[in-house]
Every structure is written in structure tokens, then in C-alpha cells.
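Student: Here's a structure for you.
The values are calculated or read from the model by the stated rules, or taken from the named source; none is laboratory data. Please read all numbers here as calculations on a predicted model, not as lab measurements. For neighbour counting, all protein chains shown are included, and Cβ atoms are generated from backbone atoms with ideal geometry for every residue, glycine included. SASA here: full protein model, heavy atoms, side chains in, ligands and nucleic acids out. Shrake-Rupley method; radii C 1.70, N 1.55, O 1.52, S 1.80 Å.
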Amino acid sequence: MSHATANKVKALIDQGENQLFQHAGMFHYDLTGVEKTSLKNLNMAAISSYFQRYDIDIDDEQDVTSLLINTDVLTDKKNVTVAGLLLFGTHPQKFLKNSSISYAHFAGTELSDELQETGEEFQVILPL
């Protein structure tokens with residue numbers, strides 16, 4: 001088996017294992033780091049607005065990077081996570097070409113409550 005073929009086989013096995021782990025609830029794709037992304041690919045104004053809802057002023061934080069790692073916006077390697085990019089990315093479609101966010105809005109707090117709206121959005125955070 002050639003080196004190129006071996007690499008393709010390994011990639012397929014890894015993909016299959018990831019799908020099994022995700023199905024079992026042991027792997028969360030949204031926490032996966034997106035290659036070639038960093039803090040510069042995030043809309044810091046949107047992040048600041050989000051944290052202000054919880055009385056956290058990121059301008060007062062000594063280590064914003066650690067805050068973003070601890071809240072799963074960044075990975076330990078400082079790549080933006082899939083979730084971080086979808087929620088706060090400046091151009092998420094540049095890195096996640098076929099991704100979107102689907103949502104459902106219910107009249108109450110239970111899944112059995114009346115469904116009022118569904119949809120699919122790519123850019124959730126609107127420009128400020």
C-alpha cells in the first residue's frame with residue numbers, strides 16, 4: 001500500500017471513529033478547532049456584547065484569551081472552535097463553507113409547546 005493510500009485509509013478510519021464518538025455523545029463537533037483561525041477571525045464587539053449580558057466586561061479581563069478558551073470559543077491551541085466561528089466569526093463562511101445554524105422558536109420553554117418559527121441562518125451576529 002502506498003503512503004498516499006495509507007493516509008487516505010487512516011483519514012477514513014478517523015472520520016468513522018469521530019462519527020461513532022459523536023453519536024455516543026463523547027465527541028462534540030462544535031468544540032472542534034477550525035484550522036488557520038485565531039482571535040483575529042472573531043468579532044470582538046459581538047463577543048463583548050454577549051459577555052455584558054452576564055455582567056462581564058472583557059475590557060476589564062486581564063486574559064481575554066483564557067476567558068475565550070474557558071468558554072469554548074477558542075481551543076487550547078488558540079484556534080477558533082466551530083461554535084465560536086458560527087456565533088462570533090467575522091467571516092465564518094470563509095472557513096465553514098457548508099455550515100449553517102438551524103433554529104426553532106417555541107411559544108414556551110418545553111419542546112411540546114407550540115412551534116412558532118423555524119429557520120436557518122449563517123451569520124447570527126449582525127454587524128453593530
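Student: Tell me which trypsin sites (Lys or Arg not before Pro) from the range 26-124 have a DSSP coil assignment and no more than 10 other beta carbons within 10 Å of their own. Can you show the working numbers first?
Tutor: Values: sites: Lys36, Lys40, Arg53, Lys77, Lys78, Lys94, Lys97; in loops: Lys36, Arg53, Lys77, Lys78, Lys97.
Counting only loop positions with at most 10 other Cβ atoms within 10 Å, the trypsin sites (Lys or Arg not before Pro) in the range 26-124 are Lys36, Arg53, Lys77, Lys97.
Student: State the percentage of accessible surface on the range 38-128 attributable to carbon and sulfur atoms; use a 1.4 Å probe and exclude ligands, DNA and RNA. Please report the intermediate quantities before stating the final value.
Tutor: Values: 2950 of 6270 Å².
C and S fraction of accessible area: 47 percent.
Student: Short version: what are the Cα gyration tensor semi-axes of the range 79-120, square root of 5 times each eigenvalue, largest first, in whole Å?
Tutor: Each semi-axis is the square root of five times an eigenvalue, giving 28, 11, 7 Å.
Student: Based on the Cβ-Cβ distance of Arg53 and Glu114, what FRET efficiency does E = 1/(1 + (r/R0)^6) give at R0 = 25 Å, to the nearest 0.05?
Tutor: Step by step, r from the Cβ atoms, then E = 0.40.
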